[in-house]
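The block underneath contains the structure these notes are about, expressed in structure tokens.
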């Protein structure tokens, strides 16, 4: 149960797990804050009506019996007969109790939902867990889109003069890391220098309220698209259009460890097929953000959500491949992926330990091993992009280094597997083309955060 009084039906819990339902994910919205929202159940047909209860008698602040009675009269009329409801109403009691402890006003909500589940008949929970509040049940905006050849910056990525949040910058020494110290055996530091320290850029939007657990967007190759994201936060967290409103996420841009490709620190961090980068961000970078003295002085109770649906990753090139790998190997930590000009090619170090399991690096996602096709579907939401004239667009498949081929195949594999995926193909553009970011990033951010609660 989340702060909006949502009881999830089917799906995957914050700690991970498997999705077992053949239906989409729906929400039963209870009275909170003492106001009827809506009831949706998975039916054999495509109709999912939205019901509206009558106003509470006298404008009272507590749920009234007549509203509940009207709900059941409406819900079980016509096609909404009890026997036609094919998805069970599963109460994820552990999450509900946690929510109750945080907000005692939800007691009435829980009591009502328990009553409804009893009246609806036997509860049919078909898996070991349910999804968190951030999972998105809608396919709106999914699919393949072609942009260009003309490009212009989206207004939501410009400075409109809206209230500004706070920007911070600090450094982390590689030598202090337990995960990426800059001394791996795959590195060739005399040829490809390794940084002594990496910069971390943080932006807390103006609308963020200290003490709330904020969602977060990690940006690879920091600062990267940090300034565009800042403008998007300033503009879209207060958007009057509910379909374009962003949650007040904290943007954290992380500088890479230095240089590029095989035998470099950046290549080690981004192109390796493992959970190592996900652990580095989760275990070292995010704690450094919330414990930074300057940030603490401005936001004494700052907190970042542990809900993986509240954690997104944005990257370009190897940073894009890294975004997917972070979520692929650790969906319990990150579940929203944005990969521009993703390096879904064989860029992993030839002497990396991971070569034994994934000999063609990120090429294995879509070809050869076909990880996306042959692996169990993961609880992820994925945006990918490739440019018409991306890197080595004319290369033969045997090189395992054709970015356009890799981008097309990755998108096709995700679609075939049934992922919520959005794929952008940009005409007359190059690798990590800045014009493409300016033309698409606002829409991509709106899509990637779709389904996450906006307060």
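Say whether the condition of being within 20 Å of residue 286 (Cβ to Cβ) and free of Cβ contacts under 8 Å to residues at least 24 places away in the same chain is met by at least one residue in region 219-242.
no
Is it true that some residue in region 297-307 is in the same structural domain as residue 390 (by TED's automatic domain parsing), over 20 Å from the mean Cα position of the chain (by Cα) and in a helix (DSSP H, G or I)?
Yes; the residues of region 297-307 include at least one that is in the same structural domain as residue 390 (by TED's automatic domain parsing), over 20 Å from the mean Cα position of the chain (by Cα) and in a helix (DSSP H, G or I).
Among the residues of region 188-224, write down those that are part of a loop (DSSP other than H, G, I, E, B), within 26 Å of residue 321 (Cβ to Cβ) and in contact with a helix residue (DSSP H, G or I) (Cβ under 6 Å, 6 or more places away or on another chain).
194, 215, 221 - these are the residues of region 188-224 that are part of a loop (DSSP other than H, G, I, E, B), within 26 Å of residue 321 (Cβ to Cβ) and in contact with a helix residue (DSSP H, G or I) (Cβ under 6 Å, 6 or more places away or on another chain).
Quick one: in region 240-261, of everything that is farther than 19 Å from residue 312 by Cα and touching a helix residue (DSSP H, G or I) at 6+ places or on another chain (Cβ under 8 Å), which residue is surrounded by the fewest Cβ atoms within 10 Å (Cβ to Cβ)? Give the derivation first.
Within region 240-261, the first condition is being farther than 19 Å from residue 312 by Cα, and the residues that meet it are 240-242, 257-261.
With touching a helix residue (DSSP H, G or I) at 6+ places or on another chain (Cβ under 8 Å) added as a condition, the list becomes 257-261.
Numbers: 257: 26, 258: 21, 259: 19, 260: 17, 261: 14.
Within region 240-261, the match that is surrounded by the fewest Cβ atoms within 10 Å (Cβ to Cβ) is 261.
Here is a list: 205, 223, 287, 293. Which entry is modelled with pLDDT of 95 or more and buried (at least 21 other Cβ atoms within 10 Å of the Cβ)?
Values: 223 fails: buried (at least 21 other Cβ atoms within 10 Å of the Cβ); 287 fails: buried (at least 21 other Cβ atoms within 10 Å of the Cβ); 293 fails: buried (at least 21 other Cβ atoms within 10 Å of the Cβ).
The match here is 205.
Inside region 151-171, can you point out the residues that are assigned to a strand (DSSP E or B) and under 16 Å from residue 299 (Cβ atoms)? Spell out the reasoning first.
Of all residues in region 151-171, those assigned to a strand (DSSP E or B) come to 166-171.
166, 167, 168, 169, 170 - these are the residues of region 151-171 that are assigned to a strand (DSSP E or B) and under 16 Å from residue 299 (Cβ atoms).
What do you reckon, is residue 359 over 17 Å from the mean Cα position of the chain (by Cα), surrounded by fewer than 20 Cβ atoms within 10 Å (Cβ to Cβ) and either modelled with pLDDT under 95 or not in a helix (DSSP H, G or I) (or both)? So that I can check it myself, show each step before the final result.
On the way: over 17 Å from the mean Cα position of the chain (by Cα): yes; surrounded by fewer than 20 Cβ atoms within 10 Å (Cβ to Cβ): yes; either modelled with pLDDT under 95 or not in a helix (DSSP H, G or I) (or both): yes.
The answer is yes for residue 359.
Has region 308-326 got at least one residue that is in contact with a strand residue (DSSP E or B) (Cβ under 9 Å, 6 or more places away or on another chain), surrounded by fewer than 23 Cβ atoms within 10 Å (Cβ to Cβ) and assigned to a loop (DSSP other than H, G, I, E, B)?
no
Across region 403-444, what is the total count of residues that are touching a strand residue (DSSP E or B) at 6+ places or on another chain (Cβ under 8 Å) and assigned to a helix (DSSP H, G or I)? Before you say what the answer is, go through the steps one by one.
Taking region 403-444 as the starting set, the residues that turn out to be touching a strand residue (DSSP E or B) at 6+ places or on another chain (Cβ under 8 Å) are 403-404, 406-408, 410-411, 414-415, 419-433, 435-437, 439-440, 444.
Adding the requirement that they be assigned to a helix (DSSP H, G or I) leaves 403-404, 406-408, 410-411, 414-415, 435-437, 439-440, 444.
Summing the residues that are touching a strand residue (DSSP E or B) at 6+ places or on another chain (Cβ under 8 Å) and assigned to a helix (DSSP H, G or I) in region 403-444 gives 15.
Hey, any hits in region 390-411 for a residue that's over 30 Å from residue 227 (Cα atoms), within 23 Å of the chain's Cα centre (by Cα) and either in the same structural domain as residue 232 (by TED's automatic domain parsing) or modelled with pLDDT of 95 or more (or both)?
yes
When only residues in region 400-414 that are surrounded by fewer than 19 Cβ atoms within 10 Å (Cβ to Cβ) and touching a residue at least 24 places away in the same chain (Cβ under 8 Å) count, which is nearest to residue 243 (Cα to Cα)? If you could, list the steps in order and put the result at the bottom.
Kept after step one, since they are surrounded by fewer than 19 Cβ atoms within 10 Å (Cβ to Cβ), are these residues of region 400-414: 401, 408, 412.
Now drop any that are not touching a residue at least 24 places away in the same chain (Cβ under 8 Å), which leaves 401, 412.
Values: 401: 38, 412: 27 Å.
Going through the qualifying residues, I end up with 412.
Kindly indicate the residue of region 154-202 that is surrounded by fewer than 12 Cβ atoms within 10 Å (Cβ to Cβ) and more than 27 Å from residue 261 (Cβ to Cβ) and also nearest to the chain's Cα centre (by Cα) among those meeting that condition.
155
Suppose the filter is under 22 Å from the mean Cα position of the chain (by Cα), surrounded by fewer than 20 Cβ atoms within 10 Å (Cβ to Cβ), part of a helix (DSSP H, G or I) and in contact (Cβ under 8 Å) with a residue 24 or more places away in the chain; does residue 373 pass it? Don't jump to the end; show me each part of the working.
Details: under 22 Å from the mean Cα position of the chain (by Cα): yes; surrounded by fewer than 20 Cβ atoms within 10 Å (Cβ to Cβ): yes; part of a helix (DSSP H, G or I): yes; in contact (Cβ under 8 Å) with a residue 24 or more places away in the chain: yes.
Yes; evaluated as a whole, the condition is true for this residue.
The values are calculated or read from the model by the stated rules, or taken from the named source; none is laboratory data. These numbers come from a predicted model, not from an experiment. Glycine gets a Cβ as well: all are built from the backbone with ideal geometry, and neighbour counts include every protein chain shown.
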